[in-house]
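One structure below.
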Amino acid sequence: MARPSLWVFDVQRKVTYKNLSTWYTELREFRPEIPCIVVANKIDDINVTQKSFNFAKKFSLPLYFVSAADGTNVVKLFNDAIRLAVSYKQNSQDFMDEIFQELENFKLEQKEEDAPEREQSSSIETPSEEAASPHS
């Protein structure tokens, strides 16, 4: 399934915010359409929610203020991320998503093919197992 990219930074550690632009540019080089959400974490000091974070504005990305410690906005963030992922998957024009879907289908086919072999091998006792078996 297509997953939105969550860009989480620690509002108390400026270096985590400064790296966002570099990482975002790299992501867009390979996945230009994947939905992204910016997450300002550790908002225990409520005054931080009044600050302006230009990264989200510059790239027109949604910005969530959350606290993983007390759960503030965490459920809302994940609900919205799931909605974005579903919408993106239903409307994606990105060929990379088609490739990932094929890989997923291939993995599922392999699991289905391997399942009967595992069932047979687990039900067949080797001669040494038969000798050691208390049922003999």
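The table below gives the values:
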quantity: Share of carbon and sulfur in the accessible heavy-atom surface of the range 54-114 [1.4 Å probe, %]; calculated: 57
quantity: 37 °C / 0.692 mPa s Stokes-Einstein diffusion coefficient of the range 5-90, Kirkwood radius on C-alpha pairs, µm²/s; calculated: 243
quantity: Per-residue ³J(HN,Hα) for the range 69-85, Karplus 6.51 cos²θ - 1.76 cosθ + 1.60, θ = phi - 60°, Hz, x for Gly and Pro; calculated: 5, 10, x, 4, 6, 5, 5, 4, 4, 6, 4, 5, 5, 5, 4, 4, 5
quantity: Surface accessible to a 1.4 Å probe, per residue, for the residues of the range 5-90, Å²; calculated: 63
quantity: Eligible lysines near K18 by straight Cα distance, threshold 27 Å, same-chain separation 8 or greater; calculated: K42, K51, K57, K58, K76
quantity: Sequence-distant lysines (8 or more away, or on other chains) whose Cα lies within less than 27 Å of K107; calculated: K89
quantity: Relative contact order of the range 5-90, pairs being alpha-carbon contacts under 8 Å that are 6 or more residues apart, as %; calculated: 29
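The values are calculated or read from the model by the stated rules, or taken from the named source; none is laboratory data. Model, not experiment: these values are computed from the prediction. Ligands, DNA and RNA are stripped out before the accessible areas are found, and what is left, the full protein with its side chains, is counted by its heavy atoms. Shrake-Rupley method; radii C 1.70, N 1.55, O 1.52, S 1.80 Å.
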